[in-house]
Amino acid sequence: MSIYRGGNELRSQIEQTGLPEQALALWALGQAGFLVKWQGIRLLFDPYLSNSVYEAAGPPWMRAFASPLVPEECDDIDYVICSHHHDDHMDKQTLVALDHNCERTIFIVPRSHLGLLRHWGIADDRMIGISHGETLELMDSLSLEAHAAKHEQFEQDDAGEHLYLGYVVTLGSLTLYHAGDTIGFAELAAWLRGKRPDIGLLPINGRDYVRAGKGIAGNCNYREAIELAVHAQVDLLIPMHYGMFPHNDENPAYFVDYLHSNYPSQRFHMFVPGERYIYMK
């Protein structure tokens, strides 16, 4: 089921959404940003709740739509989980404001990015670094496992820590995969196959030589995202990373057409910003 909200109305909906034991709720916040609520726990993935990319770089990086929430409306978040340091995934404006809003919020980022959080003023006891292949047991029945991602290619720092990660989150009997930014590759398909996620959040904006020439790293196109999800036996496929920046985008209709033509039984859901979806096992 899904209902669109924004601002204080969305904040109230998040607060009032009650869930049975084997269910979670997702709210799409744009790009790769999602708020997940499960058993009263709130996780915020790759939140880009500002317009900082445009403020820093100018045209053509203007948001195509306003953020459904501003950081000040996210004052009850348990974990903020970022896949990598690109401003539309690990946004300084958003994270610093979230750090000020809620004293219990913990920030989870690739271990290679811990120094950047410190530079932004986030205290060591508020942050956790994670590496490829590592699993964090966050609390009873809630864990986070990291897998390296290829934002066109693997990249590592001098210590060998991967700069781009995707996450498999186990929430009781439910499993969710948030890919961050990645292309498809054989190792990822094998990792996911072993997990069979209930929900898969995968980018579809693709890549090409024109964008590469402008320094824009690419992602899965719609075919890769679908084939990865089918290979991994994902129950519900959710495309992401489209609709925010028109010059770095893909028409989601191609995603739907490819599914309809090749895998008509694959479950999927297309979000609009601020929309809620409740998934039940």
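Annotations for the structure displayed:
- Criterion: closer than 30 Å to H247 by Cβ and among the charged types (D, E, K, R) - qualifying residue of E15, E55: E55
- Complete set of residues in segment 1-51 that are touching a residue at least 12 places away in the same chain (Cβ under 8 Å), polar (S, T, N, Q) and out of contact with any Lys or Arg (no Cβ under 7 Å at 6 or more places or on another chain): N8, Q31, Q39, S50
- Selection from segment 63-100 of residues that are part of a helix (DSSP H, G or I), out of contact with any helix residue (DSSP H, G or I) (no Cβ under 6 Å at 6 or more places or on another chain) and surrounded by 15 or more Cβ atoms within 10 Å (Cβ to Cβ): K92, L95, V96, D99
- Residue match in segment 188-208 (condition: within 26 Å of A66 (Cα to Cα) and over 18 Å from the mean Cα position of the chain (by Cα)): yes
- Residue in segment 122-135 that is part of a loop (DSSP other than H, G, I, E, B), in contact with a strand residue (DSSP E or B) (Cβ under 9 Å, 6 or more places away or on another chain) and under 28 Å from P252 (Cβ atoms) present: no
- Checking A189 against (1) surrounded by fewer than 18 Cβ atoms within 10 Å (Cβ to Cβ); (2) touching a residue at least 60 places away in the same chain (Cβ under 8 Å); (3) touching a His at 6+ places or on another chain (Cβ under 8 Å), the condition it does not meet: (2)
- Which numbered condition G180 fails, given (1) surrounded by 24 or more Cβ atoms within 10 Å (Cβ to Cβ); (2) outside any strand (DSSP E or B); (3) at negative phi: (3)
- Screening the candidates Y164, Y242 for the property of being touching a Pro at 6+ places or on another chain (Cβ under 6 Å) and under 22 Å from G30 (Cβ atoms) yields one hit, Y242.
Results for (1) of a type in the set (A, V, I, L, M, F, W, C); (2) over 22 Å from W38 (Cβ atoms), shown as yes or no for each residue.
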site	(1), (2)
F154	yes, yes
L176	yes, no
T182	no, yes
R193	no, yes
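- Criterion (in contact (Cβ under 8 Å) with a residue 24 or more places away in the chain and in contact with a Leu (Cβ under 6 Å, 6 or more places away or on another chain)) met by exactly one of I122, I108, I77: I77
- Among the residues making up segment 146-170, those that are out of contact with any Asp or Glu (no Cβ under 6 Å at 6 or more places or on another chain), surrounded by 20 or more Cβ atoms within 10 Å (Cβ to Cβ) and assigned to a strand (DSSP E or B) are H147, A148, H162, L165, G166, Y167, V169.
- Matching residues in segment 196-217 - criterion: being under 17 Å from Q266 (Cβ atoms) and without any contact (Cβ under 8 Å) to a residue 40 or more places away in the chain: R196, P197, G200, L202
- Scanning segment 39-50 for residues that are farther than 15 Å from I81 by Cα and modelled with pLDDT of 95 or more yields one hit, S50.
- Members of segment 191-236 that are within 18 Å of T170 (Cα to Cα) and either part of a helix (DSSP H, G or I) or of a type in the set (D, E, K, R) (or both): W191, L192, R193, G194, K195, R196, D198, A229, D235
- Inside segment 232-269, residues that are of a type outside the set (S, T, Y), free of Cβ contacts under 8 Å to residues at least 40 places away in the same chain and surrounded by fewer than 16 Cβ atoms within 10 Å (Cβ to Cβ) make up a count of 8.
- Test set (1) in contact (Cβ under 8 Å) with a residue 12 or more places away in the chain; (2) in a helix (DSSP H, G or I) - T175 fails condition number: (2)
The values are calculated or read from the model by the stated rules, or taken from the named source; none is laboratory data. Not measured: the values here are computed from a predicted model. Cβ coordinates were reconstructed from backbone atoms using ideal geometry, including for glycine residues, and neighbour counts include every protein chain displayed.
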